[in-house]
Structure formats: structure tokens, C-alpha cells
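Everything below concerns the one structure shown next.
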């Protein structure tokens, strides 16, 4: 039975449980809702959830676990000898899966019967041709071991699915029956449902956390694989980044880190003053009418996808900068300092523009949270508005603003699209902002896109880069949140 | 009674420091202050009393144009400080506030050191010649606010770390350091305990020798203890204004009597 049908049956059972549970609660109360401990709907939900949740949970776990278990046991059937030179067990296993799926398809399309498939042998028929005729292309002829494994794979998953269906259905019906019999006017259905909801919330929260941990672990394992193939001293302390697929690459993070930090620095140089001054204007000077228009407008900037910023960098800002700093005599300055549109300055300026609303809205919140009493105190002493901003509000808001800037910095370090399109691809140490440079994120993109072999250090380095980036931004975020929180406590 | 002695203490003929006539204040459509005339004398403590929402704080804030910072607020009528209209176009509200200092209901020291809090006004207005001069200004302001002995050893500690009563006296020192001519106090003791209140009240009485002090208070005992003149506000009107002793013992208006005896408000 397909999983979809199973799912629909469980849902239908639980819907039936809702109606039945509610009706039984009514009945036990003699038709008067006031005699019930909880509202009738709660009894219905109790039955529905008891039928639905355990069955669905088992279904989900089974669906995840079954292929892994079968894979493991089938994989043992394949002797080491038939694994060809340059290939490996997982490649053979993917062949097994393809053959098994092809046989399934053959059965369902009517080209073969189930018995024919089970009796199939490589001596009597050309499986590659048979499967090819129904649209399953195989890369090579099927060896007897692979066929046997595929047949075993099929039968095992058939049995597994059958057992799963029975177990899940039994669970659903059992849950339904249990909850239904417990439905009585004194049963505290409301409390039980509330506990169920609480459980749901806890699961949602822990899923989010577990996913984070999972991401970190997966990166960690790949990074360890990378360091097995490549010396860590080169990665952390080497001076050049020149990946090639001959196997003697220099893979050092330092030139990339330099590019990342340089571009982020320029971005902050653009975003911090503009964002901060915009925040000061909006929160301290602007009238309500201006604020109600300007704030949403500023926040539109935050909603623009970064790829659009990338286009803006490539097509507008880059050529404009070339016009000013390049083109020799035809340029605005008559100098020949910049040749291509991609440069540190291009990416930095555009990224700065992207960060303006981020800095300004965070700083705006922080400035607004400085108590009015501070402003009154300063104005009451005969200070002007700007003196008040400079000498009272800014010092009071400074920790929070530093936090906002650090958050913006971690955004800048992790930003990808703008630098892919605006910064260029050359890894080097240079102080000239008009040269193109590259960042950690762009190198991760280029190492993982296209034809990749996940066993080579040139590809695995992406995980090491990613993990370093993660640690870097995580550290900045923690520092920023710590500063912001410490500041918030001051006025509460 | 206490207030009788304070009337006798009062020096008879005083110069008029602030003269307000026909003052109307509107918050949007709300008519908050209705046609108020008050004359505030120099070197005198004037108390504004009245039930909550009667406009006494609003009127106080008109005297140094703090209401200018509220967008919807509109002030009409004339308020003269030393015979100059403070709402005249030529007058810079910033300059005015340097002459008419203000202490607020809640102590609001800046998140700076005690020294920098007091030095804030003098620094902004350039009231000192050199560092030693500034040190003297800070010390004398703290002495006049009766807090010098408590903080002299920790002038570099943050002002926010003091107790509530100390913070309020620090705020008074901060206002005094700017050398104002008039000191406005908006319920300066409402956030303080009785001991700190007594210290601040004693301080107000001393400040009278140099300044004209206007204090808004909810406590009639406090008004009776510290002031020589009392104004009673009710629903935006100035009901009665006169010698404190007279207001509390022999009020002319029945509403004043009702408020003082606790029947309204």
C-alpha cells in the first residue's frame, strides 16, 4: 500500500475519532455540556490526537529507518571482489537501487510479473535491455551479485513496508479505541489536550535546535575528512589559495579571510555612518509624518533580495566606479587605477547599502529605548538637541549600537550573492580597494558548484571554510547579543 | 503652626521674577491650562498644589518652555522673566533653560560619572576657565545640594549607582551647577523615602537664599513646610494664589478649602 493511502487512512480514522469521542462525551453527560469536565471538543481532540500522533510518529521514523537498515543488510551481500577499480561500495549500492527500482517499475507497468522478476537470472535474460525498454537506463551490464542484491532489496522492502503498514494501522486503531473507552464525563480531556499541545511546542523548539546541531556536526565531519587529506597548517597559516585538480593545491584560508574582512570593513564604513545618522534623524528629529513615510521606505531596502543587489553592483556601481577611477583619459579623474567592474570597493559599497536599513532600524530601536527622562534632563539644563544626542543619548545607547554594528558585521561576513557578482575571483593580499578580490563565501560557492568529487580536498575545503565562517559569525553574534542584553538590563 | 513661621520668615517686598498673565495651554484639542495669572517672586519658594491632572506640572513646564519639545502642545498668553517675554521670537529656548533650571519627578542622572553629571551644564555653557575652575564649580554645586560628603571620594563612580535620594540630590546639584536664576522642581520628592525627602526639603529652603524656586507637589504638608507662596490649581484653573500660611489656614475659595481638608482631589 502506498504511504499516501496509509496516511490518508490514519487521518480519516482520527477525524472519525474526533466525532465519535465528542458524541460519547455528550452521551456520558446525559446531553448536558455543563456536566462535562471539559468542553466536548476537547474529548474529540483527545481521541483524534491519540489516534493520529503515535501512528504518524512511527510512520515517520519507519520511513527514515527502513531504507538505511535494508541498505546495510543488502550491502553485506556484495563481495569486495566485484567492486571495480576506482569505484566504491556506495556506487555499487546505487546500481543495486536502480535495478531494484527498475524491476518495480517493470512489474507495475506490466512488462513482467512478480514471479518472473523473482526468478530472473543474469544467465537467461539481458536485464539491461529489458529495463532499457521500459525507460530505466543502466550504466553497465548487471552482474549476478548485483541482481541478487536487487532482488533481496526488493523483497526486504516489500516485507518492511507490509509490516510498517500493519503496525501503523494497529497503532492508530489502538489509540483510537483506548482514548474512546476512556472518554467519560469526569475524564480531564482538556488537561490532556493541553499537555499534548505543550509536547508539540517542545518538539518544534527542539527540532530547530537539533537541526542547528546537525548542520554543525555534518560540517564538522566533512571538515575532519578535509584535514585528513590536507595539512591544517596550510589551511590556517598558508599564504596562497590556488585550487587545482591535480592534487597539489594550496588551500589557505588567509587570503580569503583577508578579502572577506576587507570587503566587510568597507561595507561597514558605508553602512554605519549612514545608518546611524538616519536612525538619529528618524528617532530624534523627524516629525511623525516624516517618520511614518521614511521608516517603511528605508525598510524596503532590507526586503530587496541580495541577488538584486548583486546585479546593482555588477551593472551600475561597478561601471560607475570604473568611470571614476579607470579608463585613463576618458575617465573622470583621468587615471588608470581600475580596469574591471568587480572590485573590493564595488562589493563593499553595495553591501554597505544593503546593511543600511539593518543598522538604522536596530540603532533606532536602541535610541528609542533611552528613557525620555535623559532627554528632558539634558534639555532642562539648556542643552541643544544635538548636544543632547551627542553627549547623553549616544553614550547611553553606545553599547547597544556596538552590538548592532557587530550583528551587521556578521551579516557582511556571511553575505554571498553580492560578493559573488561584485568582488571578483582572485584570492590575494592587497590593500588596493580597486582590485578585485575574493571572499570565503564566493570560494565555497565555486568549490561546490559544477562537477565535483566529494572525496578530494579541493571540494572538502568548502566545509572547512564554511565551518570557519560559521564559528566567526557565531562568535560575533554571541558577542553582539551579550553586549545588547547587558545594555538592555541597565534601564529596566 | 509650621507654615505660620515660614510666612514670618518671608521677606516682605520681593522683586517679581516671573510674571505670567493670561496663559492658555492646549494639548491638541484639550484645553489644559485656562487663563492663569501668577507672579513668582525672587528668592522665594512657590508651591503649586492641586489634584492630579490639574495642570500644575504643565504650567511649570511652560516656565522654561519644556513644552516646546511636545509637538501637539500650544501655549498662549505672556510669561515674563525679568520683564522679558520668554515666548518672544528673539528668545532661544536653549538659553532660557540655562537660566531656568529644572529638576524632574524621577531622578534622572545621566549614565556618566558623578563628576561628569554635575559638570554637564557648565561644559555645555562654557562656564569655567580651566580644569581647576570646573572642579570648584562641581564641588560647590555638590556642597549646595548637600551630597558632597557622600560622594567626594567617588566622583568618578557612575551617577546611576547612587541611591534614589542621592540621585535626586545629584540632579539638583546638576541643575545648580549651571547657575540658574530660577529652579523648577516637578514633584522632586515623589520617588524618595521620608529621610531623603527631608534632606531635599532642607536643601530647597537653603536654595531660596540664591534662587527663586518653584515646586510642584502632591503633598500639602510639603507645600506648607517649604513654601512661602502657594498656588492651588484645579481642572486647569488657578483657583487661589497667596501666602502659604493663608492658603492653608484661611483659604478664600471653597474649592481650596475642600482640597486642603481632603474632600476633593
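The values are calculated or read from the model by the stated rules, or taken from the named source; none is laboratory data. Note that the structure is a prediction, hence the values are computed from the model and not measured. Cβ: placed from backbone, ideal geometry, glycine included. Neighbour counts: every protein chain shown.
Here is how the numbers come out for the structure above:
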read-out	value
Helices (runs of 4 or more DSSP H) (entirely within region B:193-265) containing at least 3 residues that are surrounded by fewer than 20 Cβ atoms within 10 Å (Cβ to Cβ)	B:194-207, B:254-260
Residue satisfying condition, being assigned to a helix (DSSP H, G or I) and more than 30 Å from residue A:355 (Cα to Cα), within set A:236, A:226	A:226
Residues (within 7 Å of another protein chain (Cβ to nearest Cβ) and surrounded by 20 or more Cβ atoms within 10 Å (Cβ to Cβ)) located in region B:112-129	B:120, B:121
Scope region B:158-171; condition within 19 Å of residue B:123 (Cα to Cα) and either at pLDDT 90 or above or part of a loop (DSSP other than H, G, I, E, B) (or both); matching residues	B:170, B:171
Selection count where residues are within 14 Å of chain B (Cβ to nearest Cβ) and either modelled with pLDDT of 90 or more or in a helix (DSSP H, G or I) (or both), scope region A:284-303	7
Odd one out for residue B:28, checked against (1) surrounded by fewer than 19 Cβ atoms within 10 Å (Cβ to Cβ); (2) away from every other protein chain (no Cβ under 14 Å)	(2)
Complete set of residues in region A:29-87 that are assigned to a loop (DSSP other than H, G, I, E, B) and surrounded by fewer than 12 Cβ atoms within 10 Å (Cβ to Cβ)	A:30, A:31, A:32, A:76, A:79, A:84, A:85, A:86, A:87
Among (1) more than 30 Å from residue B:185 (Cα to Cα); (2) in a helix (DSSP H, G or I); (3) more than 13 Å from every other protein chain (Cβ to nearest Cβ), the one test that residue A:399 misses	(3)
Qualifying position, being outside any helix (DSSP H, G or I), crowded, with 22+ Cβ neighbours inside 10 Å and away from every other protein chain (no Cβ under 14 Å), among A:346, A:342, A:260	A:342
Filter pass, residue A:386 being part of a helix (DSSP H, G or I) and away from chain B (no Cβ under 13 Å)	no
Evaluation of residue B:109 against (1) at pLDDT below 90; (2) facing another protein chain (nearest Cβ under 9 Å); (3) surrounded by 17 or more Cβ atoms within 10 Å (Cβ to Cβ) (one fails), failing number	(1)
The listed residue being assigned by TED's automatic domain parsing to the domain that holds residue A:372 and within 29 Å of the chain's Cα centre (by Cα), out of A:265, A:325, A:227, A:235	A:265
Breaking point among (1) within 12 Å of chain B (Cβ to nearest Cβ); (2) outside any helix (DSSP H, G or I), for residue A:438	(1)
Those residues of region B:42-72 which are surrounded by fewer than 19 Cβ atoms within 10 Å (Cβ to Cβ) and away from every other protein chain (no Cβ under 14 Å), in sequence order	B:42, B:43, B:51, B:52, B:53
